[in-house]
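FYI, it's all coordinate maths here, none of it is from the lab. From a predicted model like this one, the values you see are computed outputs, not experimental measurements. Note that we place each Cβ from the backbone using ideal geometry, even for glycine, and neighbour counts take in every protein chain shown.
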């Protein structure tokens, strides 16, 4: 997932009401070329997503089959994979439409940033597997399997590769269907719910129903893009209508967050009902069921709104706080976390097993050890790698470098304008509403040229 490319916001036109954002040049309600900005709400979005991914794996690896609380947590935390794909689709579309590249350049940029680290980490995980279990699928056979299907969590890279290959076509389809985007989203949602319904509730094995279920199970496997089509479509359409989305979120942000929490509670209640009907915890928490789809969509909307709430408040502060700096740093590290955290988790778990602690303690004790240990260990590993030339090969996009060229929205208050006398004058944020183009932060290099001083985070 890479960040959007920026144009000079001073060239923008028009303004919108307080609490909203014009994040792109708008034609008939859709984003077009020439207006790209760094949307700060995605710093929190990225951070929460990968932290919850680590949390989910910290529960999923040691949890026992009958652990009802554990599987309930897994059901809720499974929303992270669809949050990831929504955001990936959003930023890929937004970057390409606001700063167009040729098809070849688009493929090179997107695919190189995911394929290179994917290949390197496939070798790393294969080597680790051969060390701890040399009999695993016969050596080279295991490597071929991992390379084609993706090692455990690396399935997300397989899906992203499919998405990026199709991205030029998908962008064209979004453009030509602009009059029918609500229909597109509706059909996508119905198709997703239909796939989940067949997968979860029916066990046909013969005849036409059996054939339908056979294809449904094939399409919804974790390595194929079709099973995530709703979240990718939603990301593409949200990016195309980013102005409308931002205005809606700014106006109804608290209601969106409250609604997401309510849907999470209802989904948990549905899980409890399934347990009462003697379903196994694994089946009742199945991520391939309609109620899970509803929860995933609500979780994406709620996290988007939470990100906006944080970004809006962070922009109002006179100086970036520790939490603001932390979220920016973790957002920058997120790519490395996705690739590396399972290696760290397995090393910790292996240590617990050899020490005899994993079998002696309840699963949740192991989870409590794994979660903070994996976060800390991965943070140290990724931070060290980011300081070396190996970062491109192991962590993907250099988001820190890219952000230096991007206009920020909302504009931080700690970007102040200096007058001819060198005395700090009122900030642009003070002279315009949060959604006004004057409230957009400018890329550091453009700000210096315009006589601005960026008061950098301490």
Once you have the Cα-Cα distance between residue 119 and residue 140, take 0.36 nm times their residue separation minus that, and quote the gain in nm to one decimal. 6.1 nm
With an 8 Å cut-off on Cα pairs and a minimum separation of 6 or more residues, tell me the relative contact order of the range 69-176 in percent. 32 percent
Against the 2.2 N^0.38 Å rule of thumb, the C-alpha Rg of the range 36-407 sits at a ratio of 1.00
If R₀ is 60 angstrom, what is the calculated FRET efficiency for the pair residue 172 and residue 360, using the beta carbon separation as r and rounding to 0.05? 0.55
Counted neighbours (other Cβ, 10 Å), sorted fewest up, put 392, 90 in the order 392, 90
Arranged by the count of other C-beta atoms within 10 angstrom, fewest first, what order do 124, 300 take? 124, 300
Can you figure out the FRET efficiency of residue 254 with residue 193, using R₀ = 25 Å and their beta-carbon distance, to the nearest 0.05? 0.35
Rg to Rh for the range 306-392: what is it, with Cα atoms only and Rh by Kirkwood? 1.12
Using the basic label-point model (7 angstrom from Cα toward the beta carbon), what is the residue 244 to residue 105 distance in nanometres? 2.9 nm
Based only on other Cβ atoms within 10 Å, what is the fewest-to-most ordering of 338, 38? 38, 338
Extension reserve of the residue 388-residue 265 stretch, reckoned as 0.36 nm per residue once the Cα distance is removed: 39.9 nm
Can you give the relative contact order of the range 36-407 as a percent, counting alpha carbon pairs under 8 Å and 6+ residues apart? 33 percent
In whole angstrom, how long is each semi-axis of the equivalent ellipsoid of the range 226-293, when you take the square root of 5 times every eigenvalue of its Cα gyration tensor and sort them from largest down? 31, 17, 5
